[in-house]
1. So, of the residues in the stretch 48-95 that are assigned to a loop (DSSP other than H, G, I, E, B) and among the aromatic types (Phe, Trp, Tyr), which turns out to be farthest from residue 139 (Cα to Cα)?
2. Scan the stretch 197-205 and give yes if some residue there is of a type in the set (D, E, K, R) and touching a residue at least 12 places away in the same chain (Cβ under 8 Å), otherwise no.
3. If I filter the stretch 236-249 for residues that are within 30 Å of residue 206 (Cβ to Cβ), at pLDDT 70 or above and either out of contact with any strand residue (DSSP E or B) (no Cβ under 9 Å at 6 or more places or on another chain) or open to solvent by 50 Å² or more (accessible area, probe 1.4 Å) (or both), do I get at least one hit?
4. Of the numbered conditions (1) assigned to a helix (DSSP H, G or I); (2) open to solvent by 50 Å² or more (accessible area, probe 1.4 Å), residue 160 fails exactly one; give the number of that condition.
5. I'm told residue 512 meets every condition in (1) modelled with pLDDT under 80; (2) open to solvent by less than 40 Å² (accessible area, probe 1.4 Å); (3) in a helix (DSSP H, G or I) except one. Can you identify the failing condition by its number?
6. Here are some residues: 143, 186, 116, 90. Which one is under 27 Å from residue 508 (Cα atoms), more than 21 Å from the chain's Cα centre (by Cα), surrounded by fewer than 17 Cβ atoms within 10 Å (Cβ to Cβ) and not charged (D, E, K, R)?
7. Taking the stretch 16-56, which residues are over 21 Å from residue 89 (Cα atoms), surrounded by fewer than 15 Cβ atoms within 10 Å (Cβ to Cβ) and of a type in the set (Lys, Arg)?
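The values are calculated or read from the model by the stated rules, or taken from the named source; none is laboratory data. For clarity, every value in this text was computed on a predicted model and none was experimentally measured. Neighbour counts are summed over all protein chains in view; Cβ atoms, including those assigned to glycine, are modelled from backbone coordinates with ideal geometry. For the accessible areas, the whole protein counts, side chains as well, though only heavy atoms, and no ligand, DNA or RNA atoms are used. Shrake-Rupley method; radii C 1.70, N 1.55, O 1.52, S 1.80 Å.
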Amino acid sequence: MKYFRICVKLLLHGLCSNTTVKFLDLKGNNLRIIGAEALGKLLRQNKSIRSLILEWNSLGLWEEGFSFFCQGLGANSFLQRLDLRNNQINHQGAGELAMALKRNASLQELDLRWNNIGLLGGRALLNCLHSNKTLKRLELAGNNVPSDILKAVEQALDHNQDRQTILSETRSRTQVLSKEVLSLKNEKAKQFLDLMDTIDRQKEEIARSSRMSAARVSQLQEALDEQHSIMNSLKAKLQMTEAALALSEQKVHSLGELLSAMKQEQTSMAEHHLKELQQQKQEGADREGKLFRELSAASEKNLLLRNQVDELEKKCKVQQDQLFQVKQDLTNTTAELKLRAVQAEERLEVEKRRFKQSLEDVESLRLKEVDCMTQHIEASERSMQERIQRLEAVRIALEEELSQVKAAALSERGQAEEELIKVRNQARLEEQQRLEHLEEKLRLMTESRDEAQNCCLKQKQVVGEAQAKASQLSLHVDRLRRQIEELQQDLNSKEQEKVTEVNKVKVELQEQIGHLQAERTAQEGLKEKIAALERQLKALSSNHREALLDKEGEISMLLEKLRMKEAEISRIREEEAQRASFLQNAIMAYVQGSPLGPLSPRK
């Protein structure tokens, strides 16, 4: 066995650094203190195990080891399912588990069936659920936990499930919104890149056109240089014939045709550039329309989200009204229960006084009878017969009082059932169980009464045999004294039971008030989350608007740049036209001012 524990310890120490094992089953291994400490270390260091089964290991018997195990569970943030069935965990161990669950934020399922948690352990686990928001399932069957605490635990787990569903919905919505924002950003970036590409293309085309115009101007300048050389040759050779003049005139005519062709090409290029600019303007207008449509769609989505937020606020208001009504009902029921508890205490005090007086009378009669029996046997017989009659009368009175108490209990049961049906069906079941318990106690009292009758018959037989056996009378007297003490103890137990029932009702009311307060805090947390989501939506809408404004500013800047480029192109064209006109004028003036210009051809 010792070798087996050492092997288990070594196995758990080896799993501390393992990253592949996700499910670990150690059912029925009797791990003891060493195993519990090794498990605590495993939970502190391991980051891959998601499910751990520890059924039939008696971990609750070793308080130190179990506390170390609970510390490791509190430090773990990866385990999702834990099975601790049949581990003899008491209320102290449940308290340690509750402290661990307050610090744990990953465990979703916990099985604690067939342990010894009890009332205190159930309360500790219920209190830890107010701070733990991840636990979805908690099994507590076979732990002597009251049904009201089990119902409260179920309600807290339901609240945790609702919270997690709401958190998942909000996360999915935020992811969808973030994806939409990213898609919008990507589309805008693509549009911006497309605009930049178009601008670069236009720049390249303008550069090409300027290069072409520069080349053509250089060609014209070369032609002019050639004409200057020709004119110089004409000046140098004044004695050339009219054939040379005709040739020069033909050359001038060809140059004019070239200039006209150049003008036509420049006009066609200008028209082509204008058409391209108009197309780009139309594309920019289409993109702006798309952006405005996306903005309208985003605004509609924001309106839908705001409508959902308004519906949630309405639901919260309705729940607050219901909570207020439930609180009023609880205050009324608590006041009525307090009044009934006071009345029950007064009745118990009156019954106590009556019973004490009857006991004092019985004791005085018993002393007198004992004295008479020691003096005269005949007087003792008579006194015993009278005493038996008196005891029968007392028995009858006790039976009447028991019937009255039973009737009062039945009436109180009916009233309590009517009132508790209004509060919850759970209280009805608990009250029925308590009444059945009281009926069982009354049945036991009737059995004790029957036993008292049998004892009285035995006492009659003893009185018949008192002449022969006077020594046995003292024994019968002692028996009667014991029976009276038992009856007194039963009455005291009844009083204690009633006090405990009243205290239980008070505790239940306090727990219900605490549950209502917890629900109210949860609703406040939901409101805060809704407000945070609204802020996020507002921030997203503001960022979206700012981005749109930035894009509009960029588009306006690009349009201004396009206008500047168009102005530059028009200015260059005008300069080129002016240069061409200047060249043409200069050529014409040169041709007209030449000495051969006014000469007429020979006949």
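1. 62
2. Yes: the stretch 197-205 contains one or more residues that are of a type in the set (D, E, K, R) and touching a residue at least 12 places away in the same chain (Cβ under 8 Å).
3. No, that holds for no residue.
4. It fails just one condition, (2).
5. Condition (2) is where residue 512 drops out.
6. So the residue among 143, 186, 116, 90 that is under 27 Å from residue 508 (Cα atoms), more than 21 Å from the chain's Cα centre (by Cα), surrounded by fewer than 17 Cβ atoms within 10 Å (Cβ to Cβ) and not charged (D, E, K, R) is 116.
7. Correct list: 22, 47, 50.
A quick yes/no check of all residues on (1) touching a Ser or Thr at 6+ places or on another chain (Cβ under 8 Å); (2) of a type in the set (Ser, Thr, Tyr); (3) touching a residue at least 60 places away in the same chain (Cβ under 8 Å):
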{"residue": "10", "(1), (2), (3)": "no, no, no"}
{"residue": "19", "(1), (2), (3)": "yes, yes, no"}
{"residue": "36", "(1), (2), (3)": "no, no, no"}
{"residue": "51", "(1), (2), (3)": "no, yes, no"}
{"residue": "56", "(1), (2), (3)": "no, no, no"}
